[in-house]
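As structure tokens, the structure follows; a few thoughts come after it.
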């Protein structure tokens, strides 16, 4: 019995636990090629899109440019919840599609390697995991937004597009989209927690949500109910689209509120699901 | 206070009952050999102890506290199925990441210590994906040992280890529990190896604990037998079969007589019948045979 008394059980505080997990996740992020590959993809895609729109067709005629302005590669001219052309679609929001796939791979490794078994044995609190993944994946997406910006501008300039823009709206649009990474990263973390046993399905689900296909259905409902289109801003995709080249400070505020709110919702739901389900 | 105390534990996967009213007691300082057939519920029970699967009913207490308690869980080391390493990183990096996760203050020193314990200090720089199966198992055990855990839950840790690796593991296990405070729950199908270190046993079948005993109790329960070799094995077996109730031929080619008898009596009996005994010895059945007998009884 004397031996029993000597045993001390105390778990680290929340801040220490989160710090430890973040340390591991950031180390993994920076020490695996995947992150750099996705950064490169985020830079190359906009450059390719803008350059390709200036290439001559089979008959040697120059194609009609998709954009009139470099910054349209970064954000749409106006909030286009339902897109009509590829140009409406091909802007920084595409980062949230690549980002979703990256999150699926990142979290997929946790499960396939057995890392989560080690982790959840010693860390009883599942919210630490949700928070750590959301933060690290949001950071990765923010970095991808920046490389997208660089690639898009470089491609646009090389393609000869105009640089004329309302600077404040542009900055707000870029900041808004970067901030939306928090909400998107939480959504993808949540999706991957639900679909942890099915790696392929989790990638497909991330792609599906990232493309914003669901918003088309919601937009139809909003129209039928005669609600203003800005109602769609309560969704991640809606707010991401809303951060465009006519943004104002209100847009940034909406982005912050929507992104943080969904991040909290997805983290709470993910924590509950993790707590009540088996770890494979 | 016991290290693990499980009462009436149950777990269903859909309509399949994986664990059913299981009771289990792992005393402090014990190396608890957890034995059972494939699909008997060992891994499910171990996962429930580690909090990886919610229980379907019953209670699990670790060192007197509920198994969901964060304080006690922080002191559980685990190796279940995979070591939890990232294959693209080195052994050292993987260990350091786990140390970071566990908030170990002097991480480098601790990692060096546990790598030495499992004799992996020379391979710390190897990428995990380049390690052999045995090395991966050792790294997995080293990971479980980080943070000075009070309870280790190891699922088939001896798989893939060579003879030297198994000896090292036996030494490591014995070393861990020598202070009488730490305990190990270890499941393995290598019963001969398990018998060399285990102080307690739990035998599970169809999700139920059918036997729990100490190593001493096992020793007492294991029947003695007389093993013989003769010039005419077939005739000797036939003759002995007529006189004794249980006579079997083992894998090594010896005839075993399990009844309460003496070597002298058998030699005399065979000699009277014109058979010369060339070799004779008395021995006890091991854990493996005890387990097989127990399973046969169940059938």
query: Taking the alpha-carbon set of the stretch A:161-207, what are its Rg and Dmax in Å?
result: 16.4, 48
query: By how many degrees, between 0 and 90 and to the nearest 10, does the Cα long axis of helix B:133-145 differ from the longest principal axis of chain B?
result: 60 degrees
task: Distance between Cα centroids, the stretch B:14-31 to the stretch B:116-185: provide it in whole Å.
output: 23 Å
task: Would you please put B:121-127, B:247-253, A:244-250 in order of how densely packed they are, using the mean number of other Cβ atoms within 10 angstrom per residue and starting with the highest?
output: A:244-250, B:121-127, B:247-253
query: Measuring from centroid to centroid over Cα atoms, what is the spacing of the stretch B:248-299 and the stretch A:102-152 in Å?
result: 61 Å
- request: Specify whether the C-alpha gyration tensor of the stretch A:138-236 places it in the rounded, prolate or oblate class, a ≥ b ≥ c being the square roots of the eigenvalues: rounded for a/c under 1.5, otherwise prolate if a/b is larger than b/c and oblate if not.
  value: oblate
message: For chain B, what are Rg and Dmax over the alpha carbons, in angstrom?
response: 23.0, 75
- request: Using packing as a proxy for protection, rank A:194-203, B:42-51 so that the peptide with the highest average count of other Cβ atoms within 10 Å comes first.
  value: B:42-51, A:194-203
message: Once you place label points 7 Å from the Cα toward the Cβ at residue B:171 and residue B:250, how far apart are they in nm?
response: 2.9 nm
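What is the average number of partner chain Cβ atoms found within 10 Å of a Cβ in B:64-77?
Average neighbour count from other chains, rounded to a whole number: 4.
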message: Please report the projected area of the stretch B:222-298's Cα convex hull averaged over all directions, in nm².
response: 5.0 nm²
message: Can you give me the C-alpha center-to-center distance between the stretch B:37-66 and the stretch A:167-197, rounded to a whole angstrom?
response: 38 Å
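Only bridges with both residues in chain B count here: give the DSSP antiparallel percent, nearest 5.
Working: 36 of 54 bridges.
Rounded to the nearest five, the antiparallel share is 65 percent.
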message: If I model a spin label as a point 7 Å beyond the Cα along the Cα-Cβ vector, how far apart are those points for residue B:216 and residue A:167 in nm?
response: 8.6 nm
statement: Tilt, helix A:167-194 to longest principal axis of chain A (alpha-carbon atoms), in degrees rounded to tens, equals 40 degrees
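Per-residue Cβ counts within 10 Å, from other chains only, averaged over B:99-107: what number is that?
Per-residue shielding by partner chains comes out at 5.
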- line: Honestly chain A on the Cα gyration tensor test (a ≥ b ≥ c root eigenvalues; a/c under 1.5 rounded, otherwise a/b vs b/c for prolate or oblate) is just prolate
query: Based on the mean of other beta carbon atoms within 10 Å per residue, what is the order of A:148-156, B:184-192, B:58-66, most packed first?
result: A:148-156, B:184-192, B:58-66
- request: Describe numerically, in nm with one decimal, the distance between label points set 7 Å from Cα along Cα→Cβ at residue A:51 and at residue A:26.
  value: 3.4 nm
field: the stretch B:18-81 - Rg (one decimal) and Dmax (whole number), Cα, Å
entry: 11.7, 33
task: Return the tail of the calculated pair distribution for the stretch A:101-173, meaning the percent of Cα-Cα pairs more than 17 Å apart.
output: 62 percent
message: Relative to 2.2 N^0.38 Å, what does the C-alpha radius of gyration of the protein assembly as shown come to as a ratio? Two decimals please.
response: 1.30
statement: Mean-square fluctuation maximum in Gaussian network of chain B, Cα pairs under 10 Å, restricted to B:37, B:212, B:193, hits B:37
query: Extension gain residue B:17-residue B:106, at 0.36 nm per residue separation less the Cα-Cα distance, in nm?
result: 27.6 nm
- prompt: Just counting partner chain Cβ atoms within 10 Å, what average do the residues of peptide B:78-90 show around their Cβ?
  reply: 5
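Here, each number is a calculation from the coordinates, and none is a lab measurement. Just so it is clear, the structure is predicted and the values come from calculations on it, not from any experiment. Using ideal geometry, Cβ is built from the backbone for each residue, glycine included, and neighbour counts are taken over all protein chains shown.
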